[in-house]
Each structure stands twice: as C-alpha cells, then as structure tokens.
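J.: Got a structure for you, written out below as structure tokens; questions coming shortly.
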Amino acid sequence: MSKGKEIEGEDEGNDVCRNVCNPCTKGSTFGPGNSFWITSSSSRPKRVNIWESNRREDGGASVIRNYHKPIKKEVLEDYSDNSSWITSNSPSSETASTCETNTIKGLSRYAFSTSDGRVGDSSSVQPQDADYFEYPQLSDEVENQILARVPRSEYWKFPLVNKRIYALVKSGELFKIRRELGVRESSVFMFTTGDSGWWAFDRQFSCRRKLPDLPADPCFSSGDKETVCAGTHLIISGREINGVVVWRYELETNRWRKGPSMIKPRCLFASASCGLFAFVAGGVTEAGAVLNSAEKYNPDTRSWETLPRMQRKRRLSSGCYMDNKFYVIGGRNEEGRCLTCGEAYDEDKKTWELIPDMLEDTPVATYQSPPLVAVVNNELYSLETSSNELKVYSKRSKTWRKLGPVPVRADSSRGWGVAFKSLGNELLVIGASTSIVSYSGDGMAIYTCCPDDKTDHALHWTPLECGRNRLSNFILNCSVMVA
C-alpha cells in the first residue's frame, strides 16, 4: 500500500504551488493571501508525488493516487494519507490537476506540480490561510452548514482549503452537523479474497478508495473477522497472536486505531447498526465457549456497554435492527445444533423476547453461512442460500413469503462469500453472478433492488457497474456505513 511522500524542497517553511491544469506561459504570480503560483506550458509531467490524476490505459478510470513515505513532518496524514479514489467517469489527464501536499507542524502547504516535475521555491512566503479581503466573508456557522451538505467523497479536499476546515473534519464536528441536518450518505466497505486491504465504495459503486494498511499482525489479517459500522467508525473484530482484538477505522481521520476491546472479547457474533450505535451479541470466546452476552458500542465515547443476556447461547447467527429492536436470528448453540429461533432486544424495556421457529421453513445445510438478512423500510428480507430466492418476513403471521430469484449464486458456496445488505431504501447483493452479461468486475456482480412486499410484481434488480475495478467475487467482509 502506498504511503505519503515529502516534497523535496530547500525550505520547509514555504508555500509552493504548481499548476498543470491551465496551459499558459511560464511565470510567477502572487495571489490573494500572499500565495505564490508557478505555471508552466510544458506538455507532459515526468513525476507526480502525492495527489496524481491519470488516465488508465484500459480507457476507464481516472486515478487519484497518494504516495507516502515515513517523514518527520507528515502532511494531512490524519485524513488524506493512503487515500486513493478511483472513478470510472473522469476527465483525462490533460485537463485534470495534480496536487502535491506537504505540511508544517501539522498544517498543510500545497504544491501543484509543473509538467517537468520540478517544485518552485518561494522562501519569503509563510504558511497561512488565504485572506480574501476583497469579498464578503461567510460566518463560520453558515460555512459549516454548506460544507456539511457536500458529498463525503469530496472531503479529502477539505484539508487543502484552510486550517479551520481541516480541524473541522479531523475533529468529527462536521459529521455531527450532518447528523443534526439529517444529511446521510452510504458507503460500502469491503474486504475480498486476493486483496491485501480494505476498499470503500460510494453508494453507486462509481468510485472506490483504498483504505490505509491495517497495522494488525499476520494472524489477524489471515483469520476470520466480523465487522459492523457505528457512526463514522468501522469496527473489525478478529484474533491476533495474543488474543481477540478490535480495530476501528475512523472516517474523520482516515486512520486505523486499536480498540476499544469488547467487555467480553468474541468472534463469530451477530451484529447490527442503528444510526450512531452498533450492537453485538453471542459468538465464541478465544477458548471456544459459546456466548449469550450482548454489548453496545458508542463511537462518541469510544466505549462498550453491557446489555442484558440473550435467552439462548448462539454463534454464527445474524443480526439486524428493526422496529427499534436489535434482532438476533438463527445460529448454532453450544452443542453445534442449528437454532431456528430468533430474539429481539427492546432498548426501552431492556429485555429480550424469544421468537420461536423464526427460521422453521428455512433449509439449513452443513457448514452453511449465518442467515443472510437485511432490513429495508423496516421490513425484514432474507436471501435463501439453497434456492437463491428473496423472501420477506411477515411480523403478523411470523412466516416468510417468497418474492423471486436473486441474480447471484449464493448456493454455490452455501452463502459464504456473498454480501446481502440494506443500502438506504434498497437491497444490495454482491457475489458470483448467475449471468455472464451482468458481470461488473472479475466475476463480481453488484445489484440493487427496491423491494415491495405488498405487490406480486416481479423484482427488478439493477446491475451496478463499478467501472473496470477488478475485485474477487468472494466477499470476506462487507459493511455499510451511513454518515
């Protein structure tokens, strides 16, 4: 995975800018705020250090790359380090700007590369925010309201604006403003076979970004893991050499951090997200004991809270959040027998309700994955792995009704390697396609569907083409973040 790279210059205190966007005569200009610009009419860049926008040879994606080496004074590493947004519909490199970024004591200085790869020098210019005194200023409150409505895929640019906005993003305050305004945006985080790192996709799968390297030991990287999102945190639980640990990815800082560990460390548990919070229940300890304990994670306090115990011990179960309740469905007990019952935790009453025979009519095979379930518009849906059919759960009759086939092969691997998630008001399914025509990658098929359980019309699955991004069709982990 690539790392940030320090710009080679004589004076670390300079603001240096180079621009290859506009073909113009080479020269220097001082702009508002005493910023120094160097432009060049050279035709082709020979070297780009940090942010690079290139045309892919396959004719598809435009790539923004960030190269980083360990340096004494790091640039915006808290947010833009190791970020790599790849889009399938972007302008060619002739019109795209390339931006190199460096920092001074945690603040940023910017350099736009000349075509010949040289960095201009301005030893008299001190790093500072631009002062646009000729124009009326917006108040910080109004500015924050505007920034909160900008798509999150553009947030990597914010640290390049000024120090205040950089601090606003890094502190997480901007995401709190988004929550207050009701501005929500979904991202899909995935880890697949044959890939060494995690990828983040936008909702349309039109662009993706590789996350920084997860600094866990090889045991954690190669072992089984469970994931769940809470607010702007991606929580991953797995085993390291010294035991079960939790790693969290923070969207605000674009960094992995270790902990906090669960009160009762576990693997193979059920989980669900509800806005800011995440719930986990069941699973197994490092010693292999099956659990019925449950916990709740709060990303604001970065802490776990103990919940009342379930009525059944279970592992390899699935979780979802519906009707303001945390549901745990299926799984296997301490004797290895399949459980057809479910349980629902009521936060107001602080109690668990047992739901008998919730999966009574669902065929269960040996070594089958946990039930593939998702909630859309407060309705529970399931992908039956033996028949590749979508079903909806009736809360009144407590039975399942078939809605039609799903265009992925969940049966070929007994449900393993398939992602079945809720994505706003749509269902998202990712896996090996049942049709060669619908492949959007190297064997991966991505579909969404707006289910309607009140009609008998055939389901309409929409294929999402993720450009020419090549990912395996076997999904190891998948989680949806709404922030």
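The values are calculated or read from the model by the stated rules, or taken from the named source; none is laboratory data. The structure displayed is predicted, hence computed values, not measured ones. All Cβ positions, even for glycine, are placed from backbone atoms using ideal geometry, and neighbour counts span all protein chains on display. Surface accessibility is based on the protein's heavy atoms, side chains included, excluding ligands, DNA and RNA. Shrake-Rupley method; radii C 1.70, N 1.55, O 1.52, S 1.80 Å.
J.: Treating only the Cβ atoms of Lys and Arg (+1) and Asp and Glu (-1) as charged, compute the dipole magnitude of segment 137-183 about its Cα centre; round to the nearest 20 debye. If you can, show how the numbers build up before the last one.
T.: Working: 9 positive and 6 negative charges, 44 e Å.
Computed charge dipole of segment 137-183: roughly 220 debye.
J.: Within a Cβ distance under 10 Å of Arg312, other residues only, what is the Lys/Arg minus Asp/Glu net charge?
T.: Net charge around Arg312: +1.
J.: Using the crude model of +1 on Lys and Arg Cβ and -1 on Asp and Glu Cβ, and no other charge, please compute the dipole size for segment 214-360 relative to its Cα centre, in debye to 20. Before the final figure, lay out the partial values.
T.: On the way: 20 positive and 20 negative charges, 72 e Å.
Using only the charged Cβ atoms, the result is roughly 340 debye.
J.: Now, a different point. So what is the relative contact order of segment 214-360, in percent, for Cα pairs below 8 Å that sit 6 or more residues apart? Intermediate results must be reported in sequence, preceding the final value.
T.: Details: 376 pairs, mean separation 21.7, N = 147.
Contact order relative to length: 15 percent.
J.: Once neighbouring chains are kept in place and the probe is 1.4 Å, which whole percent of the accessible area of segment 137-183 is contributed by carbon and sulfur? Write down the numbers at each step before the final one.
T.: On the way: 1320 of 2500 Å².
Here it works out to 53 percent.
J.: Counting Lys +1, Arg +1, Asp -1, Glu -1, what net charge surrounds Glu141 among other residues with beta carbon under 13 Å of its beta carbon? Walk me through the numbers on the way to the answer.
T.: Working: positive: Arg164; negative: Asp140, Glu143, Glu173, Glu180.
Once all neighbours under 13 Å are counted, the net charge is -3.
J.: While we're here: If R0 is 30 Å, what FRET efficiency do you get for Leu354 and Trp416 from their C-beta distance, rounded to 0.05? Don't jump to the answer; show the numbers that get you there.
T.: Working: r = 28 Å, r/R0 = 0.92.
About 0.60, to the nearest 0.05.
J.: Which stretch or stretches of segment 184-207 have amide N atoms under 20 Å from the point lying 7 Å from Ser221's Cα along the Cα→Cβ direction?
T.: So the set is 190-200.
J.: Can you count the Lys pairs in segment 214-360 with C-alpha separation below 20 Å, eight or more apart or on different chains?
T.: Close lysine pairs under the 20 Å cut-off: 16.
J.: So if R0 is 30 Å, what FRET efficiency would Asp300 and Glu240 give, r being the distance between their Cβ atoms, rounded to the nearest 0.05? Let's see the in-between values first.
T.: Values: r = 26 Å, r/R0 = 0.87.
Efficiency computed from Cβ-Cβ geometry: 0.70.
J.: Right, another one. What does the charge count around Val328 come to, taking other residues whose C-beta lies under 12 Å from its C-beta (Lys +1, Arg +1, Asp -1, Glu -1)? If you can, show how the numbers build up before the last one.
T.: On the way: positive: Arg309, Arg312, Lys313, Arg314, Arg315, Lys325; negative: Glu343, Glu353.
Combined, the nearby Lys, Arg, Asp and Glu give +4.
J.: Still on this structure, I have one more. When the C-alpha atoms of segment 137-183 are aligned to their principal axes, what extent does each axis show, in angstrom, from largest down?
T.: 26, 25, 17
J.: For segment 378-433, what is the largest minus smallest coordinate of the Cα atoms on each principal axis, given in angstrom and ordered from greatest to least?
T.: Computed over segment 378-433, the largest-to-smallest principal extents equal 34, 25, 17 Å.
J.: Apply 1/(1 + (r/R0)^6) to the Cβ-Cβ distance of Ala287 and Gln145, taking R0 = 30 Å, and write down the FRET efficiency to the nearest 0.05. The partial results should precede the final answer.
T.: Values: r = 51 Å, r/R0 = 1.71.
In this case the efficiency is close to 0.05.
J.: Related question: How would you rank 139-149, 220-230, 277-287, highest first, on the average number of other Cβ atoms within 10 Å across their residues? Mind dumping the intermediate values first?
T.: Details: 139-149: 12.7, 220-230: 18.5, 277-287: 21.6.
Result, highest mean Cβ count within 10 Å first: 277-287, 220-230, 139-149.
J.: So between Ser261 and Asn324, what do we pick up on full extension, going 0.36 nm a residue minus the alpha carbon distance? Don't skip to the end; give the middle numbers.
T.: Numbers: separation 63, 0.36 × 63 = 22.68 nm, distance 2.56 nm.
Using 0.36 nm per residue and subtracting the Cα-Cα distance, I get 20.1 nm.
J.: A follow-up question, please. What is the distance, in nm, between label points placed 7 Å from the Cα along the Cα-to-Cβ direction at Val364 and at Thr399?
T.: Placing both labels 7 Å beyond Cα along the Cβ direction yields 2.1 nm.
J.: Taking 0.36 nm per intervening residue step and subtracting the Cα-Cα distance, what contour gain separates Ser386 from Glu465 on full extension?
T.: Details: separation 79, 0.36 × 79 = 28.44 nm, distance 2.64 nm.
Residue separation times 0.36 nm, minus the Cα-Cα distance, leaves 25.8 nm.
J.: Sort segment 214-360 into rounded, prolate or oblate with this rule: let a ≥ b ≥ c be the square roots of the eigenvalues of the Cα gyration tensor; rounded if a/c is under 1.5, and if a/c is not under 1.5, prolate when a/b is larger than b/c, oblate otherwise.
T.: Oblate, since a/c reaches 1.5 and b/c is not below a/b.
J.: Now for a different question. Determine the dipole magnitude for segment 166-275: charges of +1 sit on the beta-carbon of Lys and Arg, -1 on that of Asp and Glu, nothing else is charged, the reference point is the Cα centre, and the result goes in debye to the nearest 20.
T.: Values: 17 positive and 12 negative charges, 43 e Å.
Computed charge dipole of segment 166-275: roughly 200 debye.
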